[in-house]
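Each remark here refers to the structure printed beneath this line.
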């Protein structure tokens, strides 16, 4: 997780009984991505502790796919995903559009309701998603996954030096 102290809302398992869920959308984000974090901080300010959005840092050591509609780390890192209270998974531009609608700023992404515009926006988002690690100075996804797996093994076996595993896992 990044050094920024972010409030995370309860992220209970998605269940058929959506009436117990207080959030309107669960947003999965990469807490190590500086550009992603800029957007998350903006959205958190707009949410103003209303709990409309459950922010879930997929880079957190405790991230468990089974708590988030089975979306594993690699899948979540590839493209932005969100989960609706009924368990529906949405991704790409539809995530941004829905989040902004929930926060009362739907006009920002309203143009993407047009199927043609949405396809074009998703095309550009796809390019960004493929390049974001490189553009933010991070290793490729395969390297990140391998580092996380090794850090988890080291942590389990007690082979971590002071914070060495935490630096990779969070």
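Using C-alpha pairs below 8 Å separated by at least 6 residues, the relative contact order for the stretch 18-110 is 32 percent.
FRET efficiency for the pair residue 142 and residue 46, taken as 1/(1 + (r/R0)^6) with r the Cβ-Cβ distance and R0 = 30 Å, rounds to 0.30.
For the stretch 18-110, the share of alpha carbon pairs falling in successive 5 Å distance bins from zero is 3, 14, 26, 27, 21, 8, 1, 0 percent.
Annotation: for a label point projected 7 angstrom from Cα along Cα→Cβ of residue 117, residues of the stretch 71-93 with backbone N closer than 16 Å are 93.
No lab work stands behind these numbers, since they all come straight from the coordinates. None of these values were measured; they are calculated from a predicted model. Virtual Cβ from ideal backbone geometry, glycine too; neighbours counted across all protein chains shown.
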